[in-house]
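Sharing a structure with you now.
The values are calculated or read from the model by the stated rules, or taken from the named source; none is laboratory data. These numbers were taken from a predicted model, which means no experiment stands behind them. Cβ sites come from the backbone with ideal geometry, for glycine too, and all protein chains shown count toward neighbours. The accessibility values were calculated without ligands, DNA or RNA, using every heavy atom of the protein model including side chains. Shrake-Rupley method; radii C 1.70, N 1.55, O 1.52, S 1.80 Å.
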Amino acid sequence: MQVNSDLGPIGAEVSGIDLAQPLSDASIQNIRRAWLDHGVLVFRNQTLGPKAQSAFSGRFGEMDIYPFMQPLDDDPHVIPIIKEADAVLNFGGDWHTDTSYKERPPQATILYALEVPPVGGDTLFADATRAFEDLSPAFRATLEGLTGVYTPKMVHGQGGDYRKVAATAQLGSAYGGNHEFAESEVLHPIIRTHPETGRKSIYCSRPHTHRIQGWTRAESKELIAFLTRHLTQDQYVTRLTWTKGTLAMWDNRCLFHNALNDYQGHRRHMHRVIIQGDRPA
Ligand code: SIN
């Protein structure tokens, strides 16, 4: 297995490995080490059915259930992410870390491309660790004392972004936004410490963090907007251009991502698996 880190400020492309084959524990350990070092790993030219994708994913931890999408009939851990050619809305089209409104958000997302548009549909990844480390020590110390109120409601709740645009039609019949959980709130720090590397990262995000505990929503939005602008500067961002058969595996504990919605008139079809993580601390 070769690891090439020319992808951008973060991330690496891994070659010389067929993920559909049974992999040894040593190979999985090598992948995990490279993943912790680079944040996002990209494997090209893979041929993976849902069972093979979940078999590979399950080697990295317990697979989790995404609360707003029905999984495939043939595998309860794989959800389809489809944007039809006539849809306007896409899934994941803002800077975020996956499902950070859960008590234990996923450590990893493993996304596989089945069909990609001829141009566009890239995913951007931002290094939320280096972005945090580049802030001034005094500002970092202030941020480390803050707790965020995280919730799915701005996206999936009553009046949320997806509800406003009849998301079931837009995101496919697998989407089910009508869920009690959509209005729930959980407290997490806005700066989290990676449980494996010990490094700190910005964690609060525009779509998932409603407010800073004890602050007004308006005050909170300004801080979150500042941090989002900061961490999405070019020096922290890698652009992944998908090809059919590409699999990407990213670390939600230290990276943000944003699925670009710039391919109107074309279909994009992905399969996604998430791996359960710890409670952010
Ligand atoms: C997501 O946010 O998990 C979707 C990313 C993508 O479709 O590129």
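Can you tell me which condition Y175 does not meet? The list is (1) closer than 24 Å to G157 by Cα; (2) more than 16 Å from the ligand (Cβ to nearest atom); (3) surrounded by 21 or more Cβ atoms within 10 Å (Cβ to Cβ); (4) more than 14 Å from the chain's Cα centre (by Cα), and all the others hold.
(2)
Something else now. Within region 17-38, does at least one residue satisfy the condition of being within 16 Å of the ligand (Cβ to nearest atom), assigned to a loop (DSSP other than H, G, I, E, B) and surrounded by 15 or more Cβ atoms within 10 Å (Cβ to Cβ)?
Checked region 17-38: no residue is within 16 Å of the ligand (Cβ to nearest atom), assigned to a loop (DSSP other than H, G, I, E, B) and surrounded by 15 or more Cβ atoms within 10 Å (Cβ to Cβ).
Just give me the residues in region 211-236 being more than 16 Å from the ligand (Cβ to nearest atom) and either assigned to a loop (DSSP other than H, G, I, E, B) or among the basic types (K, R) (or both), in sequence order.
R211, Q213, G214, W215, T216, R217, K221, R229, Q233, listed by residue number.
Out of curiosity, is A248 surrounded by fewer than 17 Cβ atoms within 10 Å (Cβ to Cβ) and among the aliphatic types (A, V, I, L, M)?
On the way: surrounded by fewer than 17 Cβ atoms within 10 Å (Cβ to Cβ): no; among the aliphatic types (A, V, I, L, M): yes.
Taking the combined requirement at face value, the residue does not satisfy it.
Let me ask you something else. In this structure, does L41 turn out to be under 24 Å from S100 (Cβ atoms), of a type in the set (A, V, I, L, M) and open to solvent by 30 Å² or more (accessible area, probe 1.4 Å)?
Values: under 24 Å from S100 (Cβ atoms): yes; of a type in the set (A, V, I, L, M): yes; open to solvent by 30 Å² or more (accessible area, probe 1.4 Å): no.
Judged against the criteria, L41 is not a match.
Only residues in region 158-170 that are within 20 Å of E180 (Cβ to Cβ) count as the first member; pair them with residues that are at pLDDT 65 or above and open to solvent by less than 80 Å² (accessible area, probe 1.4 Å), Cβ under 6 angstrom, at least 6 apart or cross-chain, and list the lot.
So the pair list comes out as G160/K153; G160/M154; D161/V155; Y162/V155; Y162/H156; A167/Y175; T168/Y175.
Please identify the pairs in which a residue from region 254-275 that is acidic (D, E) has its Cβ atom under 8 Å from the Cβ atom of a residue that is assigned to a loop (DSSP other than H, G, I, E, B) and more than 10 Å from the ligand (Cβ to nearest atom), counting only partners at least 6 apart or on another chain.
D262/G120
Only one residue in I79, I110 is within 13 Å of the ligand (Cβ to nearest atom), touching a helix residue (DSSP H, G or I) at 6+ places or on another chain (Cβ under 8 Å) and not acidic (D, E). Which one? Outline the logic, then answer.
Details: I79 fails: touching a helix residue (DSSP H, G or I) at 6+ places or on another chain (Cβ under 8 Å).
Answer to the selection: I110.
Also, I was wondering about something else. Checking the condition on the phi > 0 side of the Ramachandran plot and open to solvent by less than 20 Å² (accessible area, probe 1.4 Å), which residue from G121, G160, G198 passes?
Details: G160 fails: on the phi > 0 side of the Ramachandran plot; G198 fails: open to solvent by less than 20 Å² (accessible area, probe 1.4 Å).
G121 is the lone residue from the list that is on the phi > 0 side of the Ramachandran plot and open to solvent by less than 20 Å² (accessible area, probe 1.4 Å).
Which of (1) closer than 20 Å to R206 by Cβ; (2) at pLDDT 95 or above is the odd one out, the single condition H156 does not satisfy?
(2) is the only condition that H156 fails.
Mind checking which residues of region 237-266 are closer than 25 Å to E133 by Cα, assigned to a loop (DSSP other than H, G, I, E, B) and within 12 Å of the ligand (Cβ to nearest atom)?
N252 - this is the single residue of region 237-266 that is closer than 25 Å to E133 by Cα, assigned to a loop (DSSP other than H, G, I, E, B) and within 12 Å of the ligand (Cβ to nearest atom).
Go through region 83-104 and give me each residue that's near the ligand (Cβ under 10 Å from one of its atoms) and of a type outside the set (F, W, Y).
Listed by number, the residues that qualify are K83, N90, G92, G93, D94, H96, T97, D98, T99.
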